[in-house]
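The values are calculated or read from the model by the stated rules, or taken from the named source; none is laboratory data. These numbers were taken from a predicted model, which means no experiment stands behind them. Don't worry about glycine lacking a Cβ; one is built from the backbone with ideal geometry, like all the others, and counts go over all protein chains shown.
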Amino acid sequence: MKITILGNGFAGRLALFYLSGHSRERLSIMVKSADSCFMPCTLTTTSVVSHNFINYGTSPLGDILLSAFEEFVQFFKLYSPAGIEQVPQYYLSKFYKHDQFEKRYGRVEELRESPAPGLSGLISECYLIYPELFLSWLDQKIHKNILLNGHNLSFNNEIISSLDELDQSSYKFICAGAYSNFLHKDEHTSSELSHNKIIPGNYIQFKNCGLSDQSSFVLTCKNFNIIYRSITDEILIGGTTLKENIFAADEQIIEYYCEAKKIIQLPDLEQGRIVSGPRHKGKRRTPVFTKLDGNVFVYHSSYKNGWSLPFLFPKMFDCELIS
């Protein structure tokens, strides 16, 4: 059986992991990507996975996000993958007005273990992804699956502009992220796929911070996070983009840096670099898992949850190959 996967970011690789490990048939799998022209969004995010105190029944989107988080945690517990670290996440109340924090989270506590002194809010657990380490581990698992199950795997870096250019006799999994918009302007387009937009996602990165004695942590300051990755000794500052102009987004990251420096010691601004990448935002921020005619399975519009939503593939795609 022939399979085509479009995209070689995390979503495409997780689809490959499920296909290569679950299928009872021998597969001929072609992965098409053009990373040199279209860098996977995977490599340009702060890569934090958190439940954010979401409860089932609050909203349809909340149910999807919480289910994805639970699937991610199950994967983490089952495989103990390299490149994922469970760390404390401190939600800070000082960035909310009056009693807004308590209304949102239910209570306010003194954060005695916080890396920044004198703060209040709530503490929870989250997961930091080290993209290169985790993807390397995932690639090793995929190639083990390929060998054990006798599949054939090949790669192609040709750029395509339409789904019609793919092998029409194959099952097709479209995991092109923000670049999906370039592929849905023909007869395959549906209203579900057209209500989305590409927005900028930026963060500032400081390397070699000299905090080797400090454990990893996340400080959540309402609209942005301050993240310390101890394994790579780097600090990242980034979060929700409130301004959709890419240059204004850079200005906003600098504003976040100035706010962050009020509560924690940071390197000078000129020592950092701004990392930019596209984010794919769907209608009402809802991700798209859909099947088109011709055994085409489409996933996109992950927005800020690209490291957890792909774990829903077996539940959301009505396809026995990946279930």
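Against the conditions (1) exposed (fewer than 15 other Cβ atoms within 10 Å of the Cβ); (2) hydrophobic (A, V, I, L, M, F, W, C); (3) in a helix (DSSP H, G or I), F313 satisfies every one except (1). Has segment 193-205 got at least one residue that is modelled with pLDDT of 75 or more, of a type in the set (F, W, Y) and more than 20 Å from the chain's Cα centre (by Cα)? No, segment 193-205 contains no residue that is modelled with pLDDT of 75 or more, of a type in the set (F, W, Y) and more than 20 Å from the chain's Cα centre (by Cα). Among residues of segment 216-241 being outside any strand (DSSP E or B), at negative phi and in contact with a Phe, Trp or Tyr (Cβ under 8 Å, 6 or more places away or on another chain), the one that is surrounded by the most Cβ atoms within 10 Å (Cβ to Cβ) is S216.
Against the criterion of being touching a residue at least 24 places away in the same chain (Cβ under 8 Å) and either more than 14 Å from L309 (Cα to Cα) or in contact with a His (Cβ under 7 Å, 6 or more places away or on another chain) (or both), A11 does not qualify. Scanning segment 280-323 for residues that are of a type in the set (K, R) and more than 23 Å from P81 (Cβ to Cβ) gives K281, K283, R284, R285, K291.
Only residues that are surrounded by fewer than 16 Cβ atoms within 10 Å (Cβ to Cβ), polar (S, T, N, Q) and in a loop (DSSP other than H, G, I, E, B) were counted across segment 17-37, and they come to 1. Do we find a residue being out of contact with any helix residue (DSSP H, G or I) (no Cβ under 7 Å at 6 or more places or on another chain), assigned to a loop (DSSP other than H, G, I, E, B) and without any contact (Cβ under 8 Å) to a residue 40 or more places away in the chain anywhere in segment 38-54? Within segment 38-54, one or more residues are out of contact with any helix residue (DSSP H, G or I) (no Cβ under 7 Å at 6 or more places or on another chain), assigned to a loop (DSSP other than H, G, I, E, B) and without any contact (Cβ under 8 Å) to a residue 40 or more places away in the chain.
Each residue in segment 252-309 was checked for being polar (S, T, N, Q), touching a Lys or Arg at 6+ places or on another chain (Cβ under 9 Å) and either under 23 Å from K207 (Cβ atoms) or free of Cβ contacts under 8 Å to residues at least 60 places away in the same chain (or both), and 2 of them qualify. So for segment 62-78 (the condition being under 18 Å from G239 (Cα atoms), among the polar types (S, T, N, Q), modelled with pLDDT of 95 or more and crowded, with 17+ Cβ neighbours inside 10 Å), does at least one residue qualify? No, segment 62-78 contains no residue that is under 18 Å from G239 (Cα atoms), among the polar types (S, T, N, Q), modelled with pLDDT of 95 or more and crowded, with 17+ Cβ neighbours inside 10 Å. Identify the residue in segment 133-169 that is at pLDDT below 90 and under 25 Å from D318 (Cα atoms) and, among all such residues, is surrounded by the most Cβ atoms within 10 Å (Cβ to Cβ). Ranking the candidates gives L163 first.
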